[in-house]
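The values are calculated or read from the model by the stated rules, or taken from the named source; none is laboratory data. Note that this is a predicted model, so its numbers are computed, not measured. Note: ideal-geometry Cβ built from the backbone for every residue, glycine included; neighbour counts use all protein chains shown.
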Amino acid sequence: MKKILIGIAAVVVIAVVAVVVLYSNIGSIIKAAVEEVGTRATKATVTLREVDLSATSGEGTLRGFTVGNPAGYQTASAMRLGEVKVKVDVGSVTGDTVVINEVVIAGPEITYELGGAAGSNIQTIQKNVDEYAGAGKGGASTPAGGQPPESEGGKKLIIENLYVRDGRIGVSADFLAGKQMDVALPAIHLKDIGKSKGGATPAEVADQLMTAITTSAANAVSKLPGLDKAMDTVKGGADAAKKMMEGGAEGAGKGVGDAVKGLFGSEKK
C-alpha cells in the first residue's frame with residue numbers, strides 16, 4: 001500500500017510540475033504560434049516581442065507586434081500594433097471553442113504603401129490572408145510553405161468585442177519623393193466574431209480583422225487632401241519625361257519636382 005501511495009504521489013507531483021512548466025512557458029508558446037501562423041497567412045514576416053498572460057485571470061498583453069511587408073514593397077513594415085490587450089474566458093480554454101471577451105488593439109501604426117499589382121501593401125496582405133483562410137475551407141489556394149491553415153477540427157474562437165483605437169496611417173509611395181502623408185485611422189469595433197456558427201478558425205478571425213482594417217484604411221487614405229493631385233503629378237511626370245526625350249520640354253522635370261514639393265506644407269517629416 002505504501003508503494004502504491006508513493007506511486008500516486010509521484011504522478012501527482014509530475015502533473016503539477018507539468019502544469020507549472022506549461023504556464024511558465026505559455027507566453028513563449030503563444031509568441032511562437034502567432035509568429036508562425038501570422039507569417040504563413042500574410043506572406044510577410046510577423047514578429048511578436050513579448051507576451052504577458054495570466055493563466056488564472058485570462059487577461060494578457062501582447063507587445064511589439066509587427067507585420068512586415070510582402071515581397072515587392074519597400075517600407076520597413078505594414079503594421080506596428082503596439083499593445084494588444086486580451087481578456088479570455090478561462091473556463092472555455094479547455095473546450096473546443098475558446099471565448100475571448102475582449103481584444104483591444106491600441107495605437108496601431110499602419111504604413112499604406114501605394115503600388116504593386118494589388119494597389120497597396122495592405123491590400124496585398126488582405127489578399128494573402130483571404131487565400132489562407134479560403135484554403136482552410138477547402139479552397140484551391142495553399143498558404144506559403146505548402147502547409148494548410150488550421151483544420152476545421154482544430155480550436156475555434158469566439159470574440160465578443162474587438163476594438164482598434166487611436167491608430168495612424170502613413171501613406172508612402174515613390175511619387176511622394178520620400179515624404180509621408182499621415183491620417184488618423186477611424187476606430188473599429190467588431191462584435192461576436194464566430195458566434196453565429198459556434199466559432200471561427202484563427203485564419204477566419206484574421207481575415208475579418210484584415211478586411212475591417214483594409215476597408216477603414218482605404219477610406220481614410222482616399223480622403224487625404226492632395227493625394228489625387230499627387231497621383232496626377234505622377235502622370236504629369238511621365239508625360240514630361242516623354243516630352244523631354246523628344247526634346248520639346250526643357251525644364252519640365254524641375255516643374256514636376258516643384259509640384260510634388262508643393263503638396264507638403266505641414267506634413268510630418
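Given the conditions (1) free of Cβ contacts under 8 Å to residues at least 40 places away in the same chain; (2) in contact with a Gly (Cβ under 9 Å, 6 or more places away or on another chain); (3) surrounded by fewer than 15 Cβ atoms within 10 Å (Cβ to Cβ), which single one is not true for Thr94?
So Thr94 meets the others, but not (2).
Which residues, taken from the stretch 182-220, are over 18 Å from Lys156 (Cα atoms), small (Gly, Ala, Ser) and in a helix (DSSP H, G or I)?
Ala212, Ser216, Ala217, Ala218, Ala220
Please indicate, with yes or no, whether at least one residue in the stretch 52-65 is crowded, with 20+ Cβ neighbours inside 10 Å and closer than 25 Å to Gln180 by Cβ. Walk me through how you get there before you give the answer.
Step one: filter the stretch 52-65 for residues crowded, with 20+ Cβ neighbours inside 10 Å, giving 62, 65.
Checking which are closer than 25 Å to Gln180 by Cβ leaves us with 65.
So far as the stretch 52-65 goes, yes, one or more of its residues are crowded, with 20+ Cβ neighbours inside 10 Å and closer than 25 Å to Gln180 by Cβ.
Against the condition in contact with a Gly (Cβ under 7 Å, 6 or more places away or on another chain) and either modelled with pLDDT of 65 or more or not assigned by TED's automatic domain parsing to the domain that holds Ala33 (or both), how does Ile122 come out, does it pass?
Working: in contact with a Gly (Cβ under 7 Å, 6 or more places away or on another chain): no; either modelled with pLDDT of 65 or more or not assigned by TED's automatic domain parsing to the domain that holds Ala33 (or both): yes.
No; evaluated as a whole, the condition is false for this residue.
Within the stretch 67-123, track down each residue that is more than 17 Å from the chain's Cα centre (by Cα), within 15 Å of Leu162 (Cα to Cα) and in a loop (DSSP other than H, G, I, E, B).
Asp89
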